[in-house]
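Worksheet: the structure to be examined is printed underneath.
What follows is calculated from the coordinates using simple rules that are stated; it is not laboratory data. Computed from a predicted model, the values in this text were never measured in an experiment. Neighbour counts run over all protein chains shown; Cβ positions are idealised from the backbone, glycine included.
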Amino acid sequence: MIAPHPFRLFANPQFGTPGTVVLPEGGFRRAKAEITTWPGYAVTTLRDLPALAAEIGIATLRIKDEASRFGLGSFKALGGAYAVGVVLANELARRGIAANASTADLVAGRFRTATAGITFTCATDGNHGRSVAWGAQRFGAACVIFVHEGVSQGRIDAIAHYGAQIRVVAGTYDDSVREAAAIAQANGWFVISDTSWDGYTEVPRDVMQGYRVMADEAVHQWTGPAPSHVFVQGGVGGVAAAVSAQMRAAYRPAPRLVVVEPEAAACLLASAEQGRLAAVGGDLDTLMAGLACGEPSPLAWQELGRAAFAFMAVPDAAAVACMRLLAAAGIVAGESGVAGLAGLLLAAADPRARAQLGLTADSHVLLFSTEGATDPALYQQLVGVAA
Ligand SMILES: Cc1ncc(COP(=O)(O)O)c(C=O)c1O
């Protein structure tokens, strides 16, 4: 267990409202068929934590550990890199170079003369940029990644490792998103964003379809009674929406989805409270760097606004406590990877929150540890041991 920390919980009054399909099944099938044939693809482990489940008074607690995903350290490897491949193949077709270039063709460098002249870009607080840079390098394209001032040197180095040029932008993640889009437009670069905006939805949709592979694996690994609850962390909401879509496709009724954000950047919770897409201001100062987003992805919100059961905001101190707790259980989880666990532990220890979420001794909870030690120096500083 962890010590008590203040938290916010908001039950979604729009839960269950019918709406449009945000992530069509055909797009998911294409993403799965592609990603699962990439060299190095391996299903990540789903760990059972029976002692912790008993301690917090639920039946089952399982956590999907994304630290090993494609050697990139986070689930984000599934999204950005996949979208790079889709956009690149489409562009080669548009130019009349290859009607249907496969990943194998691209990795083998068959169209290198053309791909080398194509540049991909995105804004990132670490993991998404690493995925885009990795994808661009594998597929023989150029890459420029925008980071805001708060991104740690360790995370910048990890992106540069994949050959990307790095540009540092003043302000927050949301500022870097706008800067990347503006510079891309001026230069004819392709933006691979994990968040959407008006008129820009196809790429983030593919990114989210890629993320669904993680949730799909968890469904296939799950044994026994279906999950009753899923707690997942929220940045712009992309991964939470992907998990939501996959859970709704796999289970009837779907498990109750609880989206957990840092207290300093709870834009999805604010949107739920206001009943519409809402941004939060301020410097978004949180240790959970991957979740430091002040503006939800409209596409993700279309799913979460009606399919999420509740939203929570948790403080950084709870995340650090969860990193230590998982380290003791042999799971290396980074700052942004543990928000869901923090939400569960805080809610489970609070009688009112337990009742609101319907957490009981019969609950079966699925969590996603969405990153490992993606900044090893910071991990060591926070946990007290090396990853
Ligand atoms: C480790 C980790 N978990 C969760 C998220 C949140 O994903 P999203 O922004 O799609 O909500 C991120 C985003 O960067 C992340 O890096």
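Quick notes on this one:
- Between the residues 87, 344, 307, the greatest Cα displacement towards the positive end of the dipole of the chain, with unit charges on the Cβ of Lys, Arg, Asp and Glu, is found for 87.
- Considering only 242, 317, 265, the Gaussian network model of the chain with Cα springs below 10 Å gives its largest mean-square fluctuation to 317.
- Distance between the modelled labels on residue 380 and residue 165, one decimal in nanometres: 3.3 nm (7 Å Cα→Cβ projection).
- Length-normalised contact order of region 80-193 in % [C-alpha pairs under 8 Å, at least 6 apart]: 28 percent
- In degrees, nearest ten, helix 298-307 long axis to first principal axis of the chain (Cα): 30 degrees
- Here residue 43 and residue 360 are evaluated by their C-beta separation; at R0 = 25 Å the FRET efficiency comes out at 0.25.
- Once exposed loop chymotrypsin sites (Phe, Trp or Tyr not before Pro) are cut out (DSSP; at most 16 other Cβ, 10 Å), longest piece of the chain: 42-250
- Of the trypsin sites (Lys or Arg not before Pro) found in region 1-97, those that fall in a DSSP loop while having at most 12 other beta-carbon atoms within 10 Å are 95.
- Charge dipole (debye, nearest 20) of the chain; +1 at Cβ of Lys and Arg, -1 at Cβ of Asp and Glu: 980 debye
- Around the Cα centre of region 80-193, unit charges on the Cβ atoms of Lys, Arg, Asp and Glu (plus for the first two, minus for the last two) sum to a dipole of about 440 debye.
- Full extension of the chain between residue 8 and residue 223 gives 74.2 nm of extra length, using 0.36 nm per residue less the Cα-Cα distance.
- Highest mobility in the GNM of the chain, judged by mean-square fluctuation with C-alpha springs under 10 Å and restricted to 241, 307, 89, is found for 89.
- Helix 25-35 axis, angle to the chain major axis (alpha carbon atoms, nearest 10°): 70 degrees
- The long axis of helix 127-138 is offset from the longest Cα principal axis of the chain by roughly 30 degrees.
- Calculated FRET efficiency for the pair residue 102/residue 51, C-beta based, R₀ 56 Å, to 0.05: 0.75
- Charge-dipole axis of the chain as Lys and Arg at +1 and Asp and Glu at -1 on Cβ define it, positive-most pick from 154, 197, 214: 214
- Between 176, 106, 144, the Cα set farthest toward the positive side of the dipole of region 80-193 (charges on each charged residue's Cβ, about the Cα centre) is that of 106.
- With an a/c value of 1.5 or above and a/b larger than b/c for the gyration tensor axes a ≥ b ≥ c computed over the alpha-carbon atoms, the chain is described as prolate.
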